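Trainee: I have a structure here, written as C-alpha cells, and I will follow up with some questions on it.
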Amino acid sequence: MPFWPEIFFSRQQRLETIVLCGLCLGLLFFIVLPKQNEHSSALSVNLENYQTEIEEITKVDSWTAAELKPFNPNFITDYRAYVLKLPSDAVERLNRFRESGQWINSAEQFQSVTQISDELLSQLEPLFVFPKWTQKQTRESGFIPESKSDLNTATSEQLEMVYGIGPTRAKQIINYRDGTLGGFAALFELKGITGLPEDVIAEVGKRFEVKTPRKIVTFDAQTVDVDQLVTIPFIDYELAYKIVEQRSLYGGSLSKDILEKIENFPLNKIEIILLYLDVPNQ
C-alpha cells in the first residue's frame, strides 16, 4: 500500500504543481515587481519636480527683493506697488493726490497721503529718493499745499487724503457738517465730533479752511436767558442755569474768563460755544 493516499495527487501531479508554482513566482518577479519600481521612481521624480518649482518661486521672490532700487515715490507703477506690497487703497489715495497736481516731498507726507502703517513706512523709507529742492523746502517750511480747499465743500475722497481719516471718519465729518450743523462756521467746530483727535484736526487744517462759513444767530452774553442758552451746542439746562448764576455773581457781566470758572464747563468746546455768544474781550 502506497504511503500517500490517492487523494494527495500522484507523483506526476505533484511535480506538475511544483513547476506551476515556480512559473507563477517567476512571472511575479519579472513582471509585477518592475512595475512597482517604475511607479516608485515616477513618484520620486514628481516630488523632485515639485521641489524644483518651489525653489524657483522662492528664488524669483528673493531676486525681486534684492533688485529693488531707490525710487521717487511720486512715480509708482502697478508692478512696483505689488512688489512693495502696498495696499490697493493706499495706491488709490496716492494716485488721487498726484492727479490733483500735488507732489510727495517727504516720507511723512507719503504716509499722510497713503495712510500706510508705521511698520511698512519703515521698510519703504530707505528706498525713497526726493529731488534736493523738495527736501530744502520740506525742512524749512514743512508741507504746505499751494491753496487750501473749502471744508464745507470737501468730498469724502478729499478728506481721506488727510492722515488719520479713513472712509468711516470722512463720512462722520460730512454727516456732522451737513446734517447736524448745516455747514461749518469755523474749522475748530471739528472739535464737536466725538472721538476726532486734536492732531487729526490739525492735519485737516493743513489742507482745508472754512471759506464759506454758515451764518450763526448770536445772543448778547449780558442778557441771554436759560431757554436761549440751551439752543447752543454742548449747553444743557444744568449748565445754562450755572452760566446765568455766574453772570449774576459778577454783576451781570459775562466773559470768556468767567465762563472758564464755571464748574464742569466743557473747556474743550468753549470756542464753539463762543460762536453763539457776543462776549466782550473774546
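The values are calculated or read from the model by the stated rules, or taken from the named source; none is laboratory data. Keep in mind that this is a model prediction, so the values were computed, not measured. Neighbour counts are summed over all protein chains in view; Cβ atoms, including those assigned to glycine, are modelled from backbone coordinates with ideal geometry.
Trainee: Tally up the residues in segment 74-109 that are free of Cβ contacts under 8 Å to residues at least 24 places away in the same chain, more than 15 Å from residue 161 (Cβ to Cβ) and of a type outside the set (A, V, I, L, M), please.
Mentor: Residues in segment 74-109 being free of Cβ contacts under 8 Å to residues at least 24 places away in the same chain, more than 15 Å from residue 161 (Cβ to Cβ) and of a type outside the set (A, V, I, L, M): 7 in total.
Trainee: Let me ask something else. Could we say that residue 135 is at pLDDT below 60 and either surrounded by 10 or more Cβ atoms within 10 Å (Cβ to Cβ) or of a type in the set (A, V, I, L, M) (or both) here? Spell out the reasoning first.
Mentor: Working: at pLDDT below 60: yes; either surrounded by 10 or more Cβ atoms within 10 Å (Cβ to Cβ) or of a type in the set (A, V, I, L, M) (or both): yes.
Answer is yes for this residue.
Trainee: Let me ask something additional. Grab the helices (runs of 4 or more DSSP H) fully contained in segment 154-238, keeping just those with 1 or more residues being under 20 Å from residue 265 (Cβ atoms), among the hydrophobic types (A, V, I, L, M, F, W, C) and in the same structural domain as residue 259 (by TED's automatic domain parsing). Please lay out each step first, then the result.
Mentor: Details: elements: 156-159, 167-175, 198-207, 226-229.
Passing ranges, in order: 226-229.
Trainee: On to the next question. Out of everything in segment 167-177 that is closer than 15 Å to residue 208 by Cβ and modelled with pLDDT of 95 or more, what residue ends up being nearest to the chain's Cα centre (by Cα)? Lay out the reasoning, then the answer.
Mentor: Going through segment 167-177, the residues closer than 15 Å to residue 208 by Cβ turn out to be 169-170, 173-174, 176-177.
Remaining after also requiring modelled with pLDDT of 95 or more: 173-174, 176-177.
Working: 173: 18, 174: 19, 176: 22, 177: 24 Å.
Here the residue is 173.
Trainee: Would you tally the residues in segment 190-223 being within 20 Å of residue 240 (Cα to Cα), in contact with a strand residue (DSSP E or B) (Cβ under 7 Å, 6 or more places away or on another chain) and β-branched (Val, Ile, Thr)?
Mentor: So the first thing to find is which residues in segment 190-223 are within 20 Å of residue 240 (Cα to Cα), and the list is 192, 216-223.
Subset that is in contact with a strand residue (DSSP E or B) (Cβ under 7 Å, 6 or more places away or on another chain): 218-221.
This time we only want the ones that are β-branched (Val, Ile, Thr), so: 218.
The total comes to 1.
Trainee: Within segment 168-175, is there a residue that is of a type in the set (Gly, Ala, Ser) and touching a residue at least 40 places away in the same chain (Cβ under 8 Å)? Full working, then the answer.
Mentor: Going through segment 168-175, the residues of a type in the set (Gly, Ala, Ser) turn out to be 170.
So of that shortlist, the ones also touching a residue at least 40 places away in the same chain (Cβ under 8 Å) come out as none.
No: zero hits.
Trainee: So, in segment 70-128, how many residues would count as being among the β-branched types (Val, Ile, Thr) and under 21 Å from residue 168 (Cβ atoms)? Working first, answer last.
Mentor: Our first condition is that a residue be among the β-branched types (Val, Ile, Thr); within segment 70-128, this holds for 76-77, 83, 91, 104, 113-114, 116.
Restricting the remaining residues to those that are under 21 Å from residue 168 (Cβ atoms) gives 91, 113-114, 116.
So the answer is 4.
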